[in-house]
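Enquirer: Here's a structure for you.
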Amino acid sequence: MPTVASWTDTRRAVADVGHLVRFRAATVRRRGSSAWFVVGFLVLTTATAVVPAYTPGAGGGGRAFDLLLLLPTALAGFLGLAVVSAVASGGGRELLPRDPAAVLPVSPTTDHLGALLLAPLNIAWLLQAWILLGTTAYALGPGDLLVAQVLVVLWLAVATAVAQVVAWTFEWVRRARHGIAGVRLATVVLLGLALGLQVAGALVAVLDQLPTRRVVLGMLGGAGWTWLATVAGLLVVLLAAVALGAVPAHLAARRTPRDELQVESGRYAARRLPRTDLGALVRTDRGSVWRAVPMRRGIAVLAIGPGAVALLGDLPWSTMTILPGLVASGGALLFGVNAWCLDGRGNFWRESLPVAPGTVFAARAWVLAEFLVVASAVTVALAAVRAGMPSTAELTALLCTVVVVTVQVVGAAMRWSAQRPYAVDLRSARATPAPPLAMVGYSTRLAVSTTLTGLVFSGLARVPAWEVSVLVAVPFLCWSLARLLRTRALWVDPPARAQVVMAVSA
């Protein structure tokens with residue numbers, strides 16, 4: 001007779017999630033930062049949901065009415081973002097890493113609930129949620145603000161739960177015999193369908209028929225019967241999605257992750273040794289990055305996602321400078337913010353090699369840079385399909401943006417990797433290189449800096465003289481290179497390097 005707890009024991013799963021959250025909270029290095037994060041999150045969320053309602057033009061015609069018409073599409077866009085993020089991470093983020101979970105009695109239901117709990121700790125999720133709250137406040141004004149924001153918050157929860165169900169289902173299919181090919185084929189079909197609708201001019205008509213219109217209609221007219229019916233419907237969908245997500249989570253847990261297993265058990269033909277130490281280290285680091293499942297999935301989403309959106313939206317060259325910063329900051333979050341954790345216990349072996357520490361640092365920084373450049377190149381190539389021929393000034397501004405944000409992000413990521421190393425196993429497709437709160441901080445700082453840089457060069461793309469972009473890029477590069485060289489000096493220092501190696505090898 002089996003003695004394990006049934007997966008239908010929801011109270012047991014909820015209690016286990018509480019234990020795991022307290023365990024993760026106890027391992028936070030700086031407890032005060034967590035409290036400040038919660039306070040800052042509440043203040044920013046409240047300000048975003050209230051302040052726009054009291055700005056001039058809110059709740060009236062013109063731009064406010066236009067935003068109200070676009071609100072159903074924005075709600076659907078948040079659902080799409082949540083689905084893509086959860087599917088790419090193989091079912092959502094891990095509350096407990098894979099190796100400890102193998103020996104602890106943690107059910108797939110607990111894993112499912114933990115992934116739901118960690119979903120909002122993502123800068124993309126937070127930014128989209130704040131945008132929805134602010135757009136709703138400005139579109140409706142102060143009259144029905146509380147009524148409308150209740151529905152927005154419920155929709156955020158519903159979209160996250162539904163995305164989790166889709167993600168676990170995709171992961172169950174992906175782990176089947178030919179599941180990887182099936183998931184890739186489905187992705188190509190969906191992208192082709194969206195592009196076909198856009199080319200045929202039918203995409204707007206499809207968006208106008210989305211069921212999210214009913215959510216927006218429930219916001220109008222105050223707390224009446226329509227609002228109560230909408231709240232009840234969203235609550236029913238939310239509870240059903242949370243409960244239903246445990247089913248594909250259990251089905252996926254019964255199958256072996258094929259893509260991860262192929263990497264760990266695969267055979268790779270030996271090649272001729274490079275002539276230099278730097279070449280040998282670059283080849284080793286490049287293999288550890290491009291063969292890792294989370295890196296391949298993440299770079300595919302980062303490269304294709306923004307490019308496909310720009311392709312559907314017919315983004316002009318002058319605005320395309322925003323894309324490299326978005327892709328570079330997202331690529332660094334895959335492993336760059338804790339770059340030395342890629343080796344794990346292999347760092348002890350790496351330290352025993354007769355290679356200068358500066359060469360090791362140069363190899364890791366080079367591999368991270370080419371990782372970001374490849375992703376940015378794919379995004380720009382997709383966005384350029386319908387953008388026409390760029391002018392010399394636009395092309396120069398875009399190339400300068402790619403170079404500047406790459407060096408900027410590499411410098412920041414290598415600095416954080418040396419200052420705040422973490423012991424993380426990145427073999428799992430759901431693993432992150434740092435704890436959730438640290439990842440939110442990293443992603444926020446990267447997003448702000450790269451977005452501002454992209455906006456600067458977006459303005460320069462409209463200047464007829466292409467030399468201006470090059471001249472402006474020079475101080476950006478000098479500043480980022482100086483910070484990168486300071487980080488290299490920190491890594492070369494033996495005591496500092498020993499602390500990093502001990503931390504990531506734990």
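The values are calculated or read from the model by the stated rules, or taken from the named source; none is laboratory data. These numbers come from a predicted model, not from an experiment. Here the Cβ is made from the backbone with ideal geometry for all residues, glycine too, and neighbour counts use every protein chain on show.
Enquirer: Of the residues that sit in the range 72-95 and are of a type in the set (S, T, N, Q) and in contact with a helix residue (DSSP H, G or I) (Cβ under 7 Å, 6 or more places away or on another chain), which one is surrounded by the most Cβ atoms within 10 Å (Cβ to Cβ)?
Expert: Ser85
Enquirer: Could you please find all residues in the range 375-426 being in a helix (DSSP H, G or I) and of a type in the set (Phe, Trp, Tyr)?
Expert: Listed by number, the list holds a single entry, Trp416.
Enquirer: Among Ala356, Ala384, which is in contact with a helix residue (DSSP H, G or I) (Cβ under 8 Å, 6 or more places away or on another chain), in contact (Cβ under 8 Å) with a residue 40 or more places away in the chain and either assigned by TED's automatic domain parsing to the domain that holds Asp285 or more than 23 Å from Tyr442 (Cβ to Cβ) (or both)?
Expert: Answer to the check: Ala356.
Enquirer: Is the range 288-301 home to any residue that is part of a helix (DSSP H, G or I), closer than 19 Å to Thr432 by Cα and either outside the structural domain of Gly411 (by TED's automatic domain parsing) or of a type in the set (Ser, Thr, Tyr) (or both)?
Expert: yes
Enquirer: Inside the range 20-72, can you point out the residues that are of a type in the set (S, T, N, Q), part of a helix (DSSP H, G or I) and either modelled with pLDDT of 80 or more or farther than 25 Å from Gln128 by Cβ (or both)?
Expert: Selection gives Thr45, Thr46, Thr48.
Enquirer: Across the range 123-158, what is the total count of residues that are closer than 30 Å to Thr256 by Cβ and either surrounded by 23 or more Cβ atoms within 10 Å (Cβ to Cβ) or of a type in the set (Gly, Ala, Ser) (or both)?
Expert: Looking only at that region, the number is 1.
Enquirer: Quickly run through the range 384-429 and pick out the residues that are among the polar types (S, T, N, Q) and surrounded by fewer than 23 Cβ atoms within 10 Å (Cβ to Cβ).
Expert: Within the range 384-429, Ser391, Thr392, Thr396, Gln419, Ser428 qualify.
Enquirer: Out of (1) assigned to a loop (DSSP other than H, G, I, E, B); (2) surrounded by 12 or more Cβ atoms within 10 Å (Cβ to Cβ); (3) not aliphatic (A, V, I, L, M), the odd one out for Pro248 is which?
Expert: All conditions are met except number (1).
Enquirer: Please specify each residue of the range 331-374 satisfying the condition of being over 20 Å from Ala429 (Cβ atoms), modelled with pLDDT under 85, in a helix (DSSP H, G or I) and of a type in the set (A, V, I, L, M, F, W, C).
Expert: Of everything in the range 331-374, those that are over 20 Å from Ala429 (Cβ atoms), modelled with pLDDT under 85, in a helix (DSSP H, G or I) and of a type in the set (A, V, I, L, M, F, W, C) turn out to be Phe348, Trp349.
Enquirer: It is to be established whether one or more residues within the range 447-454 are within 24 Å of Leu117 (Cα to Cα) and either assigned to a helix (DSSP H, G or I) or touching a residue at least 24 places away in the same chain (Cβ under 8 Å) (or both).
Expert: Checking the range 447-454: at least one residue is within 24 Å of Leu117 (Cα to Cα) and either assigned to a helix (DSSP H, G or I) or touching a residue at least 24 places away in the same chain (Cβ under 8 Å) (or both).
Enquirer: While we're on this one: Could you grab me the full set of residues in the range 318-365 that are farther than 21 Å from Val448 by Cα and aromatic (Phe, Trp, Tyr)?
Expert: Residues satisfying the conditions are Trp340, Phe348, Trp349, Phe361.
Enquirer: Could you tell me whether the range 430-437 includes any residue that is part of a helix (DSSP H, G or I), assigned by TED's automatic domain parsing to the domain that holds Val407 and surrounded by 14 or more Cβ atoms within 10 Å (Cβ to Cβ)?
Expert: yes
Enquirer: For the list (1) assigned to a helix (DSSP H, G or I); (2) under 19 Å from Ala397 (Cβ atoms), I need the number of the one condition that Leu485 fails.
Expert: Looking at each condition in turn, Leu485 falls short on (2).
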